[in-house]
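Student: Got a structure for you, questions after.
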Amino acid sequence: MAKVLVTGVGGFTGRYVAQALVARGHDVIGMARSADEPQVPEVSKTYLAELSDKAMLTEMIAQAKPDRVIHLAAISFVSHGDTKEMYDANLIGTANLLQACVDAKCTLSNILLASSANIYGNGRSGQLDEDIAPLPANHYGISKLATEHLGRIYLDRLPITIVRPFNYTGVGQAVNFVVPKIIDHARRGQSKIELGSLDVARDFSDVRAVADSYIRLIERPEAVGQTFNVCSAQAYKLRDVIRMVEAISGIAFDISVNPAFVREGEIKTLFGSRNKLEAVIGPLQMPPFDETLSWMFHA
């Protein structure tokens, strides 16, 4: 059993990571920004700390003495309106956390940094593997690529693993993300829905499989110093997702495309390879996407 610190433990991904860690026999300690964040029953102790406060982070890590860290605390909504806040959280916050891990002088076997497949940008077609040169097309992707570079300059002092998750979803994800928005309309019987481009294709994963892959990576010493895609390895257009939800719910959507929802620099296709990931952790237990949608609809 390892003691694992999960930053952003009360967030969408953090809750599933905490549950999966406990299921595999680990002791979970969490970091949250405030006591108002959702409480996660699986967490044995939650520390309140701000990524902007390096001294507070150092004190937290020195007290907690984790064996491993999964760093999830970030702004993950691509269209977040405050660019400075995004860079402060995703880049400066990660810099503070990594330096705090150095300054606290605790022995760590793995620190997992969550990057994003958005770092690949919008200039390729077909399957993307980890060897493709990054070319981010928005501030979110740039902030995540900068975080990767930051992690690499700490590799001589810290055991860092980087993951690039493609889109993923599940029960509890906020409705400002497109799949929960569609599910929410279907559950409420609201057939009229405004969406962006229906021909944007995404590689959608189930959050439970993503959480499982993160944990299996931090358990593998050979993952340290490497970068991994986390993905389903197949892409669905938004119109395909609509058809699946219609089949599950029995609703027929009346769709209008709102130009305001079509992002500048929109990434048309994100379709990943998980070969490198599975070579290290073994087969990824990824449910078919229609099963994930059914789970979300019936939850």
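FYI, it's all coordinate maths here, none of it is from the lab. The structure displayed is predicted, hence computed values, not measured ones. Ideal geometry is used to build each Cβ from the backbone, glycine not excepted, and the neighbour counts take in all protein chains shown.
Student: Starting with the highest mean, order 212-224, 8-20 by the number of other Cβ atoms within 10 Å, averaged over the residues of each peptide. Can you show the working numbers first?
Tutor: Values: 212-224: 19.2, 8-20: 23.8.
Ranked from most to least packed, the peptides come out as 8-20, 212-224.
Student: Follow-up. Multiply the residue separation of Ala174 and His298 by 0.36 nm, subtract the distance between their alpha-carbon atoms, and state the gained length in nm to one decimal.
Tutor: Values: separation 124, 0.36 × 124 = 44.64 nm, distance 1.63 nm.
Between Ala174 and His298, full extension yields 43.0 nm more.
Student: Multiplying the sequence separation of Asp82 and Ser109 by 0.36 nm and subtracting their Cα-Cα distance, what value in nm do you get? Could the numbers behind the result be given before it?
Tutor: Values: separation 27, 0.36 × 27 = 9.72 nm, distance 3.47 nm.
6.3 nm is the gain from fully extending Asp82 to Ser109.
Student: Quick one: of Lys144/Lys237; Lys3/Lys268; Lys3/Lys181; Lys45/Lys144; Lys45/Lys192; Lys237/Lys276, which pairs are farther than 32 Å apart, Cα to Cα?
Tutor: On the way: Lys144/Lys237 24 Å; Lys3/Lys268 40 Å; Lys3/Lys181 36 Å; Lys45/Lys144 28 Å; Lys45/Lys192 44 Å; Lys237/Lys276 25 Å.
In this structure, Lys3/Lys268; Lys3/Lys181; Lys45/Lys192 lie more than 32 Å apart at Cα.
Student: Working out 0.36 nm times the residue gap between Arg187 and Arg220, then minus their Cα-Cα distance, what length gain in nm do you get to one decimal? The partial results should precede the final answer.
Tutor: Values: separation 33, 0.36 × 33 = 11.88 nm, distance 4.03 nm.
Taking 0.36 nm per residue and subtracting the Cα distance, the gain is 7.9 nm.
Student: Roughly how tilted is helix 289-298, in degrees to the nearest 10 and between 0 and 90, from the longest Cα axis of the chain?
Tutor: Rounded to the nearest ten degrees, it is 90.
Student: To the nearest 10 degrees, how steeply does helix 54-64 sit against the main Cα axis of the chain, on a 0 to 90 scale?
Tutor: Between the helix axis and the principal axis of the chain, the angle is about 80 degrees.
Student: Further question: If I fit a long axis through the Cα atoms of helix 139-153 and take the longest principal axis of the Cα atoms of the chain, what angle between them do I get, 0 to 90°, rounded to 10?
Tutor: 30 degrees
Student: For labels at Ser44 and Met1 in the simple 7 Å Cα→Cβ model, what's the distance in nm?
Tutor: About 0.5 nm, to one decimal.
Student: Got a sec? How would Asp206, Asp88 order by Cβ neighbour count within 10 Å, fewest to most? Before the final figure, lay out the partial values.
Tutor: Details: Asp206 24, Asp88 16.
With the fewest neighbours first, Asp206, Asp88 line up as Asp88, Asp206.
Student: Label-point separation (nm) for Glu194 and Ser52, each offset 7 Å from Cα along Cα-to-Cβ?
Tutor: About 3.2 nm, to one decimal.
Student: Take peptides 285-296, 191-202, 114-125, 251-262 and line them up by average Cβ neighbours within 10 Å, highest first, as a rough protection proxy. Working shown, then result.
Tutor: On the way: 285-296: 18.2, 191-202: 16.2, 114-125: 20.9, 251-262: 12.3.
Per-residue Cβ counts within 10 Å, averaged per peptide and sorted highest first, yield 114-125, 285-296, 191-202, 251-262.
Student: While we're here: What is segment 6-94 by shape, rounded, prolate or oblate, if you read a ≥ b ≥ c off the alpha carbon gyration tensor as root eigenvalues and call it rounded for a/c under 1.5, prolate for a/b larger than b/c, and oblate otherwise?
Tutor: The shape class here is oblate.
Student: Follow-up question, since we're still on this one. Which of rounded, prolate or oblate describes segment 61-146 when judged by the alpha-carbon gyration tensor and an a/c cut-off of 1.5? Please list the in-between numbers first.
Tutor: On the way: a/c = 3.11, a/b = 1.69, b/c = 1.83.
Oblate shape, in that a/c is at least 1.5 and b/c is the bigger or equal ratio.
Student: Here is a further query. Based on the alpha-carbon gyration tensor of segment 185-289 and its eigenvalue square roots a ≥ b ≥ c, which shape applies: rounded if a/c is under 1.5, prolate if not and a/b is larger than b/c, or oblate?
Tutor: Details: a/c = 3.14, a/b = 1.98, b/c = 1.59.
Verdict is prolate for segment 185-289.
Student: Which trypsin sites (Lys or Arg not before Pro) in segment 61-110 pass both tests, a DSSP loop state and at most 14 other beta-carbon atoms within 10 Å?
Tutor: Numbers: sites: Arg68, Lys84, Lys105; in loops: Lys105.
Filter output for segment 61-110: Lys105.
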